[in-house]
1. Output the pairs from K91/K111; K6/K91; K51/K105; K113/K197; K18/K105 with a Cα-Cα distance over 20 Å in this structure; if there are none, say none.
2. Using a 1.4 Å probe on the protein heavy atoms, what percent of the accessible area of segment 41-197 belongs to carbon and sulfur?
3. Show me the ranking of peptides 11-18, 93-100, 117-124 by mean Cβ neighbours inside 10 Å, starting with the highest.
4. Just to be sure I understand the model, the point goes 7 Å from the Cα along the line to the Cβ. What's the resulting R4 to L165 distance in nm?
5. Taking the Cβ of D163 as the center, what net charge do the other residues with Cβ under 12 Å away carry, scoring Lys and Arg +1 and Asp and Glu -1?
6. Run the 1.4 Å probe and let me know the accessible area of S19, rounded to the nearest 10 Å².
7. Can you pull the Kirkwood radius for segment 155-197, inverse mean 1/r over Cα pairs, to one decimal in Å?
8. Using only the Cα atoms of segment 1-64, construct the convex hull and provide its projected area averaged over every direction, in square nanometres to one decimal.
Amino acid sequence: MKERGKLIVLSGPSGAGKSTVVALAMEKRDDICFSVSVTTRAPRPGEVDGKDYFFISDEEFRKMVEEDRLLEHAEYVSHCYGTPRNYVLEKLESGMNVILDIEVKGARQVKNKFPDAVLVFFAPPSLSVLRERLTGRGTETEETINARLERAGQEYTEADFYDWLVVNETPEQAAEELSAIITASHCRFCDRKDILK
Ligand code: ADP
Ligand code: 5GP
């Protein structure tokens, strides 16, 4: 019998390397897919609508919330973000592991709705390295970088309900650890015990 996929929630400060590492993990295995969120923020140079995000207006976002089409949603540094519900449910049903790259408040909502979701917190080796990576990415102003670093410090204090912590020293090491967590999450006794009957 085909196992149901796992819902993998990935959080961590903007610039921690989540997108880089997820892309690498997806190259290495074909049983994971990425849930593309909706957001009201503007695309960064190089970001593609429908691949990185679905870029929508405030009005469209409000409508999706009203129609209960989002699994979770939250505000992050003055913009709204949310996870479209149907894609996630269909992929889990088909056996794919679905990765959500979402902030901490959204992760808490997911954990309440899906207690067996696997929560992975992603951190850079230090906040000064985070500043370097955000500056190096070249997509944010100094002011936005400061706001994001402040939010990062806040998220660290709220993250103790996560199951796993990956420190992104190199993309290869972090992708390997993420992949190991996904594999381990399928070996949980409580999910597999029917095999022993
Ligand atoms: P996030 O998705 O968490 O916001 P990104 O994947 O966009 O972060 O990474 C932020 C920046 O840091 C990018 O320029 C990326 O190339 C770089 N980066 C990611 N992981 C590493 C790493 N392990 N070492 C050095 N630079 C990294
Ligand atoms: P960014 O603007 O850097 O792409 O993302 C900012 C923050 O929003 C990141 O912490 C990212 O994980 C989070 N985020 C992205 N999509 C969603 C979503 O659908 N829901 C929630 N709650 N957070 C999201």
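1. K51/K105; K113/K197
2. 53
3. On the way: 11-18: 24.5, 93-100: 17.8, 117-124: 21.9.
Result, highest mean first: 11-18, 117-124, 93-100.
4. For the pair R4/L165, the computed spacing is 3.0 nm.
5. Net local charge, D163 excluded: +1.
6. 80
7. 12.5
8. Working: hull surface 24.5 nm².
Mean projected area of the Cα convex hull: 6.1 nm².
The values are calculated or read from the model by the stated rules, or taken from the named source; none is laboratory data. Just so we're clear, the structure is a prediction, and the values are computed from it rather than from any experiment. All Cβ positions, even for glycine, are placed from backbone atoms using ideal geometry, and neighbour counts span all protein chains on display. Remember, those area values only see protein heavy atoms, side chains included, never the ligands or the DNA or RNA. Shrake-Rupley method; radii C 1.70, N 1.55, O 1.52, S 1.80 Å.
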